[in-house]
Amino acid sequence: MRLIVPVLAILVLFLGGAADAAGAQRGRAYARAHCARCHAIDRTSKSRMRSAPPLRTLHARYPIEGLEEALAEGMVTGHPTMPEIRLSPDRIGDFIAYLKSLER
């Protein structure tokens, strides 16, 4: 019995990490399909559009979790060529997981 609790705790942490990794991969796919035309979506490249910040720098500008509400309600910027972004709750979680993965 003493061994079961630590093993279960490790299993929960491992499965949670695997779920986060899968969500981050889906978020990366979303970024590749919808953001990469203007923004750098990885840790090293430059944005194709000079005025579009690399996604890896967003955490320096905003608390990433704070973007959840804006992404759900429809994020609009003052930038005329950036489309309104509105995501479903599942996509928001994936996209946030991906943005957080870029912080490391």
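Please treat every number below as a calculation from the coordinates, not as lab data. Since this is a predicted model, take the numbers as computed values, not measurements. We place every Cβ from the backbone using ideal geometry, glycine too, and count neighbours over all the protein chains shown.
Here are a few things to note about the model shown:
- Taking a point 7 Å out from the Cα of ASP20 in the direction of its Cβ, the residues of region 28-49 whose backbone N falls within less than 20 Å of it are 28-31, 42-43.
- Anisotropy class of region 49-104 from Cα gyration tensor, a/c 1.5 cut: oblate
- Highest-first arrangement of 29-36, 61-68, where packing means the average Cβ count within 10 Å: 29-36, 61-68
- Calculated FRET efficiency for the pair VAL76/ARG104, C-beta based, R₀ 22 Å, to 0.05: 0.15
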